[in-house]
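The values are calculated or read from the model by the stated rules, or taken from the named source; none is laboratory data. Since this is a predicted model, take the numbers as computed values, not measurements. Cβ atoms come from the backbone with ideal geometry, glycine included; neighbour counts cover every protein chain shown. Remember, those area values only see protein heavy atoms, side chains included, never the ligands or the DNA or RNA. Shrake-Rupley method; radii C 1.70, N 1.55, O 1.52, S 1.80 Å.
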Amino acid sequence: MKIGFCVVNYSEKPLEEVVKLAADNGYDCVELPTYVGNGQVDVEDILKNKKAGEIKKMVESHGLTIASLSNHADSPLIMGPYSDGTVSSCKGTREEKILFGTESMIRSAQLAAELSVPAVVAFSGMENYGHINDWPEPNGWKYEEEQFALKWGKVLDKYKEYGVKVAFEPHPNNVVYDTQSALRLLEVVDHHPAFAINLDPANILFSGVNIQTFVDELRGRIALVHAKDCEIVHHNLAKGGLNMYMQDGWGRLDRSFRFRIPGWGDVDWKRMISELFLTGYDGVFNYEHEDVIMSRADGVKKTIEFLRPLMIDAPYEGRSDALFTK
């Protein structure tokens, strides 16, 4: 098991500066952003001018590897929503946004293949999140499933060609958001080999989903894990539940949950890591800083100190004595 670093934790800094910071603090690898305009990795330029080798060499010169790529901003446009309020830089028509998101994800696959990176993290998107409830549109979820099969099916096919997986990150406002939806959408695309999961335990926890159950049910499909925690603020919970009024800033004192760095929230890291290992996961935990209380500098140091002792190096080798034979 390895501990990675999402370089967008310091999105205002040049790529190599952040890579060096991660290396200096004992991280093993990095996750690089590939959405348009991220300011650190210009995918179009790298592909056009064949610079992938330079990026890989630079990262390796600091003793790290590239664990994954991430395209959180552009990928939701494939399914929506299509308003201009989304974080993507594309402000065109519905059709232009779908094309923009699709092409951005395919370029990410091309770069991943050139870097020998196994997966690209993405949000599935969802045109109308109200469709998770069958009232007042009883066929709304069926529509979302059909759109997922149509739009993401084409992308998954291209990813299969490149030998790369789409690691969907379950998250509210996405068609892949919990255990049942992940399993159902996997079924909708006929268990496509390029369909994978990026497990963010904080997103799972604040959705009210049991993390260990999710790990068991999606075993074999979890390609990556984000190292991010979630604190359930119980004294606020009764006012609005886990999805209570969420506008006006992540750091509001009266919210029912807060994203935290690993070890400072309610994720049971030992149980989750054990369950992941038992189900075959021996990969990377990419530290993503969305803590609304402490600085990124605090998080960089505290996260590696917390996670390093929890990494499992090898499975139980068994015993041969008469008291314990299995």
Accessible area in the full protein assembly, largest first, 1.4 Å probe, for Ile98, Ile273:
Ile98, Ile273
Which of the trypsin sites (Lys or Arg not before Pro) across segment 1-81 are loop residues per DSSP, with 11 or fewer other Cβ within 10 Å?
Lys50
Mind giving me the nanometre distance, one decimal, between the label points for Glu146 and Asp134, set 7 Å out from Cα along Cα→Cβ?
1.7 nm
Rounded to whole angstroms and listed largest first, the alpha-carbon spread of segment 169-230 along its three principal axes comes to 33, 20, 17
Which of (i) 28, 26, 22; (ii) 49, 21, 18; (iii) 43, 31, 15 is the computed semi-axes √(5λ) of the Cα gyration tensor in Å? It is (i)
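So if each residue of separation counts as 0.36 nm, and I subtract the Cα-Cα distance between Thr279 and Leu323, what length gain in nm does that give?
Details: separation 44, 0.36 × 44 = 15.84 nm, distance 2.62 nm.
Here the answer is 13.2 nm.
About the Cα centre of the chain, what is the dipole size in debye to 20, counting +1 per Lys and Arg Cβ and -1 per Asp and Glu Cβ, all else neutral? Let's see the in-between values first.
Details: 35 positive and 48 negative charges, 72 e Å.
Charge dipole, the chain, about its Cα centre: 340 debye, nearest 20.
Leaving ligands, DNA and RNA out of it, rank His62, His192 by accessible area with a 1.4 Å probe, largest first.
Values: His62 50, His192 20 Å².
The residues order as His62, His192, largest area first.
Return the carbon/sulfur percentage of the accessible area of the chain, one whole number, probe 1.4 Å, all protein chains in place.
Working: 7860 of 15170 Å².
Answer for the chain: carbon and sulfur cover 52 percent of the accessible area.
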Placed amide H near His226: partners under 5 Å, 5+ positions off or other chain:
Leu199, Asp200, Asn286
For segment 2-310, with every protein chain kept in place, what is the accessible area per residue (1.4 Å probe, Å²)?
44 Å²
³J(HN,Hα) across segment 174-182 via Karplus (A = 6.51, B = -1.76, C = 1.60, θ = phi - 60°), whole Hz, x for Gly/Pro?
10, 5, 9, 9, 8, 4, 5, 5, 4
Placing +1 on the Cβ of each Lys and Arg and -1 on the Cβ of each Asp and Glu in the chain, which of Ala182, Met105, Val30 has its Cα farthest towards the positive end of the resulting dipole?
Val30
Distant-in-sequence amide H partners of Phe168 (H built 1.01 Å from N, under 5 Å):
Ala122, Ala196, Ile197, Asn198
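Could you tell me the calculated FRET efficiency between Ser61 and Asn173, based on Cβ-Cβ distance and R0 = 30 angstrom, to the nearest 0.05?
Numbers: r = 39 Å, r/R0 = 1.30.
Rounded to the nearest 0.05, the efficiency is 0.15.
If R0 is 45 Å, what FRET efficiency do you get for Thr213 and Asp313 from their C-beta distance, rounded to 0.05?
Numbers: r = 26 Å, r/R0 = 0.58.
Plugging the Cβ-Cβ distance into 1/(1 + (r/R0)^6) gives 0.95.
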Report, in deg cm²/dmol and to the nearest 500, the calculated mean residue ellipticity at 222 nm for the chain, where each DSSP H run with n ≥ 4 adds -39500 (n - 2.57) and the sum is divided by the residue count.
-10500 deg cm²/dmol
Amide H contacts under 5 Å for Gly26, placed H, 5+ residues apart:
none
Work out how much length Arg94 to Glu16 would gain on full extension: take 0.36 nm times their residue separation and subtract the Cα-Cα distance, in nm to one decimal.
24.5 nm
